[in-house]
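Contents: one structure, followed by commentary.
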Amino acid sequence: MQRTRLNTLINFTGARLELVFSNPWRRTALSVISILLGFFMGSAIVTTVGQDAVWDVPAAAIVFAVTEITSRFIYSRRNRQQLDSSPSRRPLIFEVLNLFKVGLTYSLYLEAFKLGS
């Protein structure tokens with residue numbers, strides 16, 4: 001990539017965020033917030049889209065595609081890192097995105113159980 005001011009700013013901001021969240025308690029707090037935000041988004045999607053029965057199938061397809069693409073991206077990158085045999089933690093953005101996906105999926109399962117009972 002070219003070294004532009006925007007690219008330098010983004011790299012610097014990402015490095016500073018990694019440094020701020022290198023503290024285990026802050027990383028744990030961010031992980032919990034990510035799961036809860038995913039849970040909230042799942043509940044919001046179900047209640048908002050469920051109001052009009054026309055959008056149920058497209059919304060389900062979009063959520064399914066987003067979760068599958070996220071899983072493929074995160075876990076394929078993890079496998080590539082293991083092949084390099086470099087023992088490093090997953091980058092913060094990937095961890096937050098994966099935990100958001102977990103919260104979203106859990107919320108959708110919980111909503112399905114509520115509708116089924």
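Only the coordinates and a few stated rules stand behind these numbers; no lab work does. These figures come from a predicted structure and were not determined experimentally. Counting neighbours? That spans all protein chains shown, and the Cβs are built from the backbone with ideal geometry, glycine included.
The table that follows gives values for the structure above.
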quantity	calculated
Under the span-like rule (Cα at least 20 Å along the axis, Kyte-Doolittle mean at least 1.0), DSSP H helices of the chain	24-49, 92-116
Rg/Rh for the chain, where both radii come from Cα atoms and Rh is the Kirkwood radius	1.07
Length added when fully stretched, A53-T4, from 0.36 nm per residue minus Cα-Cα	12.9 nm
Label-point separation, V102 to K114 (7 Å along Cα→Cβ), nm	2.2
Length added when fully stretched, A44-I93, from 0.36 nm per residue minus Cα-Cα	15.4 nm
